[in-house]
Each structure stands twice: as structure tokens, then as C-alpha cells.
Amino acid sequence: MEDNDKNVRLRALPSVEAVLQRASLGEALGRVPRSRAVAAIRLAVDTARTRLLEHGGPGFADADVHSALAHLSQPRLRPVLNATGVVLHTNLGRAPLSAHALERLQAVAGGYTNLEYDLEEGERGSRYAPVVDVLRELTGAEDAVVVNNCAGAVLLVLAALGAGREGVVSRGELIEIGGGFRIPDVMRQSGVRLVEVGTTNRTRLDDYAGALTPETALLVKVHRGNFAQVGFTSEVPVTELSRLGQERGLPVVVDLGTGALVPLRGVGLTAEPTVSDAVEAGADVVTFSGDKLLGGPQAGIIVGGARWIERVRSHPLNRALRVDKLTVAALEATLELYRDERWDDIPALRLLSQPPELLRRRAMQLASLLASRGVAASVEDVVGQVGGGAMPLAAPPSSACCVDVEDPADLLEGLRKSETPVIGRLLDGRAVFDVRCLGESQLEAVAAAICAVLGDESA
Ligand SMILES: *Cc1c(COP(=O)(O)O)cnc(C)c1O
């Protein structure tokens, strides 16, 4: 297009006021408040301007307003189809909840509950009561409390048991947990003075013992869940650390993070310490996440000896970090599945334990859905990840559909922007769709989205 022509069409873009007056848009714009109508028109005119500048046209049309209205009425938090193969993807909301947990949310969220009301006694009760007994049963700990997330749990436990005094921790365990948050910073925020012992790769019991002073309040052990050390390494197991703690009357706090309640079964998974392992080994307090390997809602679960948990429960930060009824409901329901040994009903566990043959068949199903729409895709073996800072060395085998297109990044971008976004991966210059986290009923939607984006591009 001639520059001149383009300028003419840019100048022809209508004003917001003019569009508001268009009779052809009266009905659509009349259905929303004026402020929303104006926002949609601004977006529509901007879209038309960008289109003119970047692609030379066409100019503004009513259809731009209809698309803008549809776009603005979409929720910002939406379901996406996870074709990354990462089961506990923090950016995609970590663990999907079980049907059992969803039913519980549905049952309690819309009305009143006995969240802090003791129905037996007719007086104020504890919001943790619904989960304490089942957590004790599942972990072997004496008592439990639940807060917003595991980072909050660590902050609270350290503040309650060690503020103003010293906490001893191995240099090999001063990890960054993601999103820029680092254990040493969380410790400092709690008011505990960090005393680092040992070296990056090796820490011995003597190192801890030699660092104890009258100022020491606790011994801290952080599970290196999101990275692995190999080679010339050694760490002090919880059993030994807790013996030292017991001798000196100091609590041993273990931040497990990943929070496996049962040993995980699944091809390619590595061993992960369970919460009851840590409790049995003598940890006085254990902290872990609700939405990592546990497969429940976001939460920070704190279990341990009654005297320590009582101090944690009564600390003012506990009030600041407390969970709401939605979390309590979903967590209670998730823990019931563990209690009843219904592990396959917990999506995170089920997704991790799928046999490779099943995944291969599902990938072939996706490939044939694509083929029936004229898109060629190959089925290939890929290696998945657990995600969520768990099992860094695990290499669960999975299958994926690889779509060979000229511009795979363009395809992935188009899929992100689809009505139901599909999140795939770029691998060796190809768009790759891992089927591990896709249900059979979602394959059709993934195939349709891929074809829609490729169709748009070729149009
Ligand atoms: C993931 C993790 C945390 C943080 O847990 P959130 O629930 O994300 O707050 C803390 N410590 C360890 C060891 C972790 O792996």
C-alpha cells in the first residue's frame, strides 16, 4: 500500500464518540456499561490502527468492536491445556485438584460453614481442626497447623522458634526456591540470625555441633528439592541432626518443600523423602507445600511435636498467613483420598504414574486427530519433568506429538492466544506437545486449536 493511502486510512479511523453513535453497534454496546463500551471501542480502534501500520489494512470495522467486547469479557484467569509435560508447573497453577476436592469446594464455598465453630460445644473452634487429625494420622506427627504456602510456613516456624537468636544451616542447603525467593532471605525476614556451616558440597555433624552457642535456637535442614548435587558430597541425615538437637535441647526444623505423603510410583521417578520419613527420623517440625507432590491446594503445612506446634500456632504471623475456608475444604478432601488410599484419584499422582505405553497411545491418538485435519505430526519419545521444585533428577519417559512447521514459535504463540490456550514447548526447533498432562477428552480440543492456528496462518 502506498504511504499516502495508508495515511488516509489512518486518518479515517473513527473517534470513540463516533463509534458509540453507530446504530449498527447499538445493541452490542447497549448490553454493557458505558465504561466497558468505551474500553472496547478504544481496544478495537487500537487493533485496527496496528493492523493498518503493520499489515497495511483493512481499516476499522464493526467486527473489531465485537471481538474487543468478547476479548474484554473473558476472565483473565482461565483454564489452559498443559502440553508441556510438566505435572507441577508453577506458572500453570501447580497441582490440579481432584474431583473429590472440587465437590467439597462446591459444597462449602457458596454458603456458611463451621470453619471456626465447634458444632459439639457450640463455641468458637479452630479452623485447622478439619485437617489436624488426618495429618497426624498420615505423617505420624503429634500436631499440625496450615498456612498460606510453604515459604510462609518456613517464615512462621523460624519466627516462632528462633526470632532474635541463631539458626544453624548447612551451606549446601541455602537454596533459591524460585521466583527469586531464597531461603537465607526468608530466614533473615523471620528475625533468625543465620549461621552457615560446612561447605557447598560437604557438611558434617561436627560442623553443626561446633557452631552451637547459647544463642542457638534451632537447627534447620532444607531439602534440596529443586536441584541435585552429585560427586564428592555429604550431608547430615535428619536422624543424626535430631540426635544432636535432642542432646542440646534444640528443635530440628526440616523444610521438605515437595511434600510427598507416600512413596511415589511411576516409571522414571526418583526416590523422594516422605513427610513421615522425616518425622520418624526425629524432625521436630516439618514444613511442606500443599500443591506440589501432595496434589492439593496451595498451602504450607507444618507438622511436628505438640510443644513446637503450639508456639507456631500462637505466633502473630500465623494470623497474617492464615488460610481461608476454600483451602481448608480442598485440603481436607485431598487428605481424605490419602487416608482412604485412593491415590489414583489424586491427579498429580495419577499423571506421574501413567505407564509409557499409555502415553504413547495417547500421542498416537493426537497425531491421528491432527492427520484427519490434514496436519502432519510425528509421535516421539520425550523426557518429562515433575516440576514444582521436585525430583530434579527424575526423567519420566513420555510421548509427544511434534508438529513440523516453518515457524514453530509462531504456532506456539497462536496457541497461547487461542480461546482455550494450549501451552506447548519449543524443542530442537519444533513445536512439541507432550500428552502426559492432557486427558483423553482434551486431545480433540488441542488438535482443533493447532489446526485453527495453522489455518489462520495459511489463510
Ligand atoms: C517449593 C519449596 C518451598 C516453597 O514452597 P511454596 O509452597 O511454593 O511457598 C520452600 N522450601 C522448599 C524446600 C521448597 O521446595
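The values are calculated or read from the model by the stated rules, or taken from the named source; none is laboratory data. This one's a predicted model, so the numbers in the text were calculated from it and none came from an experiment. In this analysis, Cβ positions are derived from the backbone assuming ideal geometry, glycine residues included, and neighbour counts consider all displayed protein chains.
Evaluate the following for Leu194: is it at negative phi, within 16 Å of the ligand (Cβ to nearest atom) and assigned to a strand (DSSP E or B)? Here the answer is yes, as Leu194 does meet what is asked. Just one of the listed residues (Val38, Val65, Val45) is surrounded by 12 or more Cβ atoms within 10 Å (Cβ to Cβ), without any contact (Cβ under 8 Å) to a residue 24 or more places away in the chain and in a helix (DSSP H, G or I), namely Val38.
Scanning the range 259-270 for residues that are within 16 Å of the ligand (Cβ to nearest atom) and either assigned by TED's automatic domain parsing to the domain that holds Gly389 or farther than 17 Å from Ala144 by Cβ (or both) yields Leu264, Thr270. Sub-8 Å Cβ pairs linking a first residue in the range 117-130 that is in contact (Cβ under 8 Å) with a residue 24 or more places away in the chain to a second residue that is outside any helix (DSSP H, G or I), at least 6 apart or interchain, are Arg127/Leu115; Arg127/Glu116; Arg127/Arg322; Arg127/Val323; Tyr128/Ala144; Tyr128/Val145; Tyr128/Val146, ordered by first then second residue.
What tally of residues in the range 195-240 results from selecting those that are free of Cβ contacts under 8 Å to residues at least 12 places away in the same chain and closer than 21 Å to Gly389 by Cα? Selection size over the range 195-240: 1. Does at least one position in the range 245-263 carry a residue that is under 30 Å from Val134 (Cβ atoms), within 31 Å of the chain's Cα centre (by Cα) and without any contact (Cβ under 8 Å) to a residue 24 or more places away in the chain? Scanning the range 245-263 turns up at least one residue that is under 30 Å from Val134 (Cβ atoms), within 31 Å of the chain's Cα centre (by Cα) and without any contact (Cβ under 8 Å) to a residue 24 or more places away in the chain. Taking the range 91-116 as the range and being surrounded by 15 or more Cβ atoms within 10 Å (Cβ to Cβ) and not in a loop (DSSP other than H, G, I, E, B) as the test, the residues that pass are Leu92, His100, Ala101, Arg104, Leu105, Val108.
In the range 292-308, of all residues being out of contact with any Ser or Thr (no Cβ under 6 Å at 6 or more places or on another chain) and over 15 Å from Gly152 (Cα atoms), the one that is surrounded by the fewest Cβ atoms within 10 Å (Cβ to Cβ) corresponds to Ala306. Note on the range 284-315: residues that are away from the ligand (no atom under 13 Å from the Cβ), part of a strand (DSSP E or B) and of a type outside the set (A, V, I, L, M) amount to 1. Among the strands (runs of 3 or more DSSP E) confined to the range 327-420, the ones with at least 3 residues that are exposed (fewer than 15 other Cβ atoms within 10 Å of the Cβ) are located at 377-383. Applying the criterion of being hydrophobic (A, V, I, L, M, F, W, C) and part of a strand (DSSP E or B) to the residues of the range 177-191, the residue that is nearest to Gly387 (Cα to Cα) is Ile177.
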